[in-house]
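Every read-out reported here was derived from the displayed coordinates using simple, explicitly stated rules and does not represent laboratory data. All values reported here derive from a predicted model rather than from experimental measurement. So basically every Cβ, Gly included, is an ideal-geometry build from the backbone, and we count neighbours across all protein chains shown.
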Amino acid sequence: MEPNPILTEIRRTRDELARKSGYDVRKFMDFIREREREAAARGVKFAPKAKPATKAK
């Protein structure tokens with residue numbers, strides 16, 4: 001099977017970010033939240049979080 005260049009790039013980026021955060025999920029999420037704050041300060045808008053699904057009665 002031929003490698004998919006998009007998946008290769010996603011995996012490379014994921015590994016790079018994990019390495020930068022010392023493979024610590026909390027540090028990684030702190031990094032992501034900081035990037036979101038910086039983007040919001042530049043006027044970038046993010047999609048609202050989805051509401052949890054409700055069960056029909």
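Using θ = phi - 60° and the Karplus curve 6.51 cos²θ - 1.76 cosθ + 1.60, what whole-Hz ³J(HN,Hα) does each residue of region 22-29 get, with Gly and Pro shown as x?
With the stated coefficients, region 22-29 comes to x, 6, 9, 4, 5, 5, 4, 5 Hz.
Taking only DSSP H segments of four or more residues, each worth -39500 (n - 2.57), what value at 222 nm results for the chain once the sum is divided by all its residues, to the nearest 500 deg cm²/dmol?
Taken over the chain, the calculation gives -19500 deg cm²/dmol.
Jot down the per residue volume, in cubic angstrom and as a whole number, of the convex hull over the alpha-carbon atoms of the chain.
Hull volume over Cα atoms, normalised by residue count, gives 187 Å³.
What is the helix-to-structure angle for 5-20, meaning the angle in degrees between its Cα long axis and the longest Cα principal axis of the chain, kept from 0 to 90 and rounded to the nearest 10?
Taking the Cα atoms of the chain, the angle to 5-20 is about 90 degrees.
Report the one residue of 29, 1, 53 whose Cα lies farthest in the direction of the positive end of the charge dipole of the chain (charges on C-beta: Lys and Arg +1, Asp and Glu -1; origin at the Cα centre).
53
In the neighborhood of residue 31, defined by Cβ-to-Cβ distances under 15 Å, what is the net charge if each Lys or Arg adds +1 and each Asp or Glu adds -1?
Around residue 31, the surrounding residues sum to +1.
Would you look at the GNM of the chain, springs on alpha carbons closer than 10 Å, and say which of 39, 47, 18 moves the most?
47
What does a probe at residue 20 reach in region 31-57, counting residues whose amide N is under 16 Å from the point 7 Å along Cα→Cβ?
Residues passing the 16 Å test: 31-40.
Express in whole angstrom the spacing between the alpha-carbon centres of region 1-19 and region 38-57.
Cα centres, region 1-19 to region 38-57: 26 Å.
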